[in-house]
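Written out below as structure tokens is the structure these notes cover.
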Amino acid sequence: MRCPFCRADNDRVIDSRAGDDGGSIRRRRECLACRRRFTTYERVERQSLAVVKKGGDRDPFDRDKIKRGLAKACWKRPITEDDIENAVAAIEAEVFGTYESEVPSGVIGERIMEMLKQLDQVAYVRFASVYREFKDARDFVEELEPILAQSLRPADDR
Ligand SMILES: [Zn+2]
């Protein structure tokens, strides 16, 4: 770290501690050239991710939006707040881990559906029906059929 007084790039860290907000690290440094002390803050930089819609419009990635979508689909279903939060976190981690600066909105839609499929079939169909509506009505029937077939099977299927 370059010394703000003499511009030398030679210092030692005297003390490191978490910043007040917990999201940063405060380091007290001493310049080995002029012996003056200064403080640096280190914080995590969250990469920004743009969601690219079909028309080409870009929106910043919005985890609350995903959460609202999931919550709506899970309305009155036996899904806890934690389940939804975990699903959002999983989608977020995957998207941020896979895409660098932009992600197609369709990818997020598909991830939400995958999550719902694991969580709750009714919630899944709810979301899928709205989501697929804009693509092809036949897609929805194709999605629905195996679920219906499964639910019509006797519970003690062996
Ligand atoms: Zn210095």
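Every number here is computed from the coordinates shown, using simple stated rules; none is lab data. Everything quoted here is computed from the prediction, not taken from an experiment. Positions of Cβ are generated from backbone atoms using ideal geometry, with glycine treated the same way; all protein chains shown enter the neighbour counts.
Applying 1/(1 + (r/R0)^6) with r as the Cβ-Cβ distance of Arg58 and Asp82 and R0 = 35 angstrom yields a FRET efficiency of 0.65.
Just order 54-67, 118-131 by mean Cβ neighbour count inside 10 Å, highest at the front, would you? If you can, show how the numbers build up before the last one.
Values: 54-67: 12.1, 118-131: 18.4.
Per-residue mean Cβ counts within 10 Å order the peptides as 118-131, 54-67.
From the C-alpha coordinates alone, can you work out the Kirkwood hydrodynamic radius of the stretch 70-112, in Å? Display every interim value, and only then the final one.
Numbers: mean 1/r = 0.0883 Å⁻¹.
Computed over the stretch 70-112, the radius equals 11.3 Å.
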